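Below: one structure, written as structure tokens.
The values are calculated or read from the model by the stated rules, or taken from the named source; none is laboratory data. Since this is a predicted model, take the numbers as computed values, not measurements. We place every Cβ from the backbone using ideal geometry, glycine too, and count neighbours over all the protein chains shown. Keep in mind that these areas ignore ligands, DNA and RNA; they rest on the heavy atoms of the full protein, side chains included. Shrake-Rupley method; radii C 1.70, N 1.55, O 1.52, S 1.80 Å.
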Amino acid sequence: MKITTASVNVCSPGRNFTTLKIETDEGIYGLGDGTLNGRELAVVSYLREHLIPCLIGRDPFQIEDIWQYLYRGAYWRRGPVTMSAIGAVDMALWDIKGKALNTPAYNLLGGKSRNGVLVYAHANGADIEQTIDAVARQIDLGYLAVRAQSGIPGLASTYGVAKGNKPYEPAERGLPSESLWSTEKYLRHVPELFERARQQFGEDIHLLHDCHHRLTPIEAARLGKELEPYHLFWIEDPVPAELQEGFRVIRQHTTTPLATGEALNTIWDAQELIREQWIDYIRMTLVHAGGFTHLKKIADFAALFHVRTGCHGATDLSPISMGAALHFGLAIHNFGIQEHMPHSAETDAVFPHQYSFDAGYMYPGDAPGLGVEIDETLAAKYPYQRAYLPINRKMDGTLFDW
Ligand code: KDG
Ligand code: MG
């Protein structure tokens with residue numbers, strides 16, 4: 001089999017998605033997600049100008065060699081743009097191989113290690129009571145694990161909390177919006193939220209929280225300690241993860257489990273975090289971390305150190321990524337949990353898929369390959385629209401982490 005052509009589709013059914021389609025001389029094609037929220041066209045250009053020309057004529061079954069060719073062969077390595085572009089190619093190649101061998105991708109990864117993929121839902125509200133109501137709604141839908149984010153008194157907006165009644169979606173069309181942040185107000189508020197949540201829901205439900213990179217290690221240590229009585233499944237991204245050593249300080253002070261990695265792209269970004277056992281869950285995704293070929297190696301390395309996966313799964317990862325993540329989560333041994341933010345009806349219509357949710361678990365389906373398609377005619381009705389993630393400043397105007 002030979003790759004004959006490859007093309008990139010960028011569509012915006014409510015938000016932007018970048019999709020790579022690789023076609024072969026046997027009529028089989030594969031799809032890969034290359035979406036990088038707010039920087040979509042950098043990946044599109046990387047794919048069109050630099051990767052696609054190198055793919056034509058290659059045997060799509062030689063996945064490892066193609067991966068190494070694109071990663072090592074560039075000389076310039078790593079980073080979100082490069083790794084998302086390679087991730088899209090890699091996903092599409094696994095899709096082709098599954099279709100060619102007439103088997104779902106999870107079988108190519110070693111087969112099922114479990115019956116279903118435990119997922120966590122999002123719940124948010126303008127204040128604690130609204131957040132508690134939102135958690136209750138997710139439990140009613142059948143979720144066994146829920147991430148809770150609440151608006152903070154004195155702050156006009158905060159990460160993870162929807163504006164109005166719309167589902168939470170941080171990327172906005174136009175130039176980046178700006179929000180104001182106070183760590184002091186945040187640290188006072190979050191323990192109250194989880195005290196209330198445990199009173200309401202008891203111990204049987206898994207509760208999670210995303211700090212979204214906003215604390216220093218010692219602040220995160222304090223939060224972790226104060227949350228200990230409420231037995232969270234994890235706190236996520238307590239600090240920006242470029243400084244892997246920062247997690248050592250947090251770890252010395254608290255037994256609250258720690259998760260990070262959604263903004264990391266290679267094993268080199270996380271190797272100390274994992275080897276030193278400073279985290280419990282690694283959140284890198286197939287799309288931003290070079291696809292199955294690289295993420296499988298990260299998961300296998302993590303398994304040696306009792307670190308499990310907890311892959312990112314926000315709505316800015318397309319349904320192709322979601323489907324792929326479910327194959328991955330079903331197959332690998334050290335799976336922990338998978339994030340699930342349902343896509344909008346418009347997005348689901350553009351990307352018809354086999355995956356499903358039932359009673360807290362998701363299932364990738366048994367279609368060959370990834371089990372996700374793209375309706376190109378419908379996609380063409382939603383052209384790309386520039387959008388940005390917000391900017392965050394401290395109350396005195398200092399630019400801060402969002
Ligand atoms: O594009 C950025 C989002 O994917 C990110 O803010 C979502 O932190 C996130 C999460 O945990 O889903
Ligand atoms: Mg996050």
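Annotations
- Inspection of region 101-111 identifies at least one residue that is aliphatic (A, V, I, L, M), more than 16 Å from ligand 1 (Cβ to nearest atom) and open to solvent by less than 10 Å² (accessible area, probe 1.4 Å).
- Any hit, region 295-306, residues being in contact (Cβ under 8 Å) with a residue 40 or more places away in the chain and either more than 16 Å from ligand 2 (Cβ to nearest atom) or at negative phi (or both): yes
- Positions within region 310-343 being open to solvent by 10 Å² or more (accessible area, probe 1.4 Å), assigned to a loop (DSSP other than H, G, I, E, B) and either modelled with pLDDT under 95 or away from ligand 2 (no atom under 16 Å from the Cβ) (or both), in sequence order: 333, 334, 342, 343
- Filter pass, residue 104 being at pLDDT 95 or above and under 29 Å from residue 143 (Cα atoms): yes
- Of the set (1) more than 26 Å from residue 362 (Cβ to Cβ); (2) outside any strand (DSSP E or B); (3) open to solvent by less than 30 Å² (accessible area, probe 1.4 Å); (4) touching a Pro at 6+ places or on another chain (Cβ under 8 Å), all apply to residue 170 but (1).
- Here residue 142 meets each of (1) out of contact with any strand residue (DSSP E or B) (no Cβ under 8 Å at 6 or more places or on another chain); (2) surrounded by fewer than 19 Cβ atoms within 10 Å (Cβ to Cβ) with one exception, condition (1).
- For beta carbons closer than 8 Å, sequence separation of 6+ or different chains, a first residue in region 383-402 that is over 18 Å from residue 15 (Cα atoms) and a second that is part of a loop (DSSP other than H, G, I, E, B) and open to solvent by 70 Å² or more (accessible area, probe 1.4 Å), there are no qualifying pairs.
Table: residues versus (1) polar (S, T, N, Q); (2) in contact with a Ser or Thr (Cβ under 7 Å, 6 or more places away or on another chain); (3) open to solvent by 10 Å² or more (accessible area, probe 1.4 Å).
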site	(1), (2), (3)
130	yes, no, yes
133	no, no, yes
147	no, no, no
164	no, no, yes
183	yes, no, yes
202	no, no, yes
209	no, no, no
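- Hey, residue 288 touching a helix residue (DSSP H, G or I) at 6+ places or on another chain (Cβ under 7 Å) and either part of a strand (DSSP E or B) or within 14 Å of ligand 1 (Cβ to nearest atom) (or both) or not: yes
- Among the residues making up region 17-42, a single one is within 16 Å of ligand 2 (Cβ to nearest atom) and of a type in the set (A, V, I, L, M, F, W, C): 36.
- Counting the residues of region 344-360 that are open to solvent by 10 Å² or more (accessible area, probe 1.4 Å) and touching a residue at least 60 places away in the same chain (Cβ under 8 Å) gives 6.
- Residues that are assigned to a helix (DSSP H, G or I) and aliphatic (A, V, I, L, M) were ranked within region 370-388; the one that is surrounded by the most Cβ atoms within 10 Å (Cβ to Cβ) is 379.
- Scan of region 211-261 for residues that are acidic (Asp, Glu), open to solvent by 10 Å² or more (accessible area, probe 1.4 Å) and closer than 25 Å to residue 399 by Cα, ordered by number: 219, 242, 245
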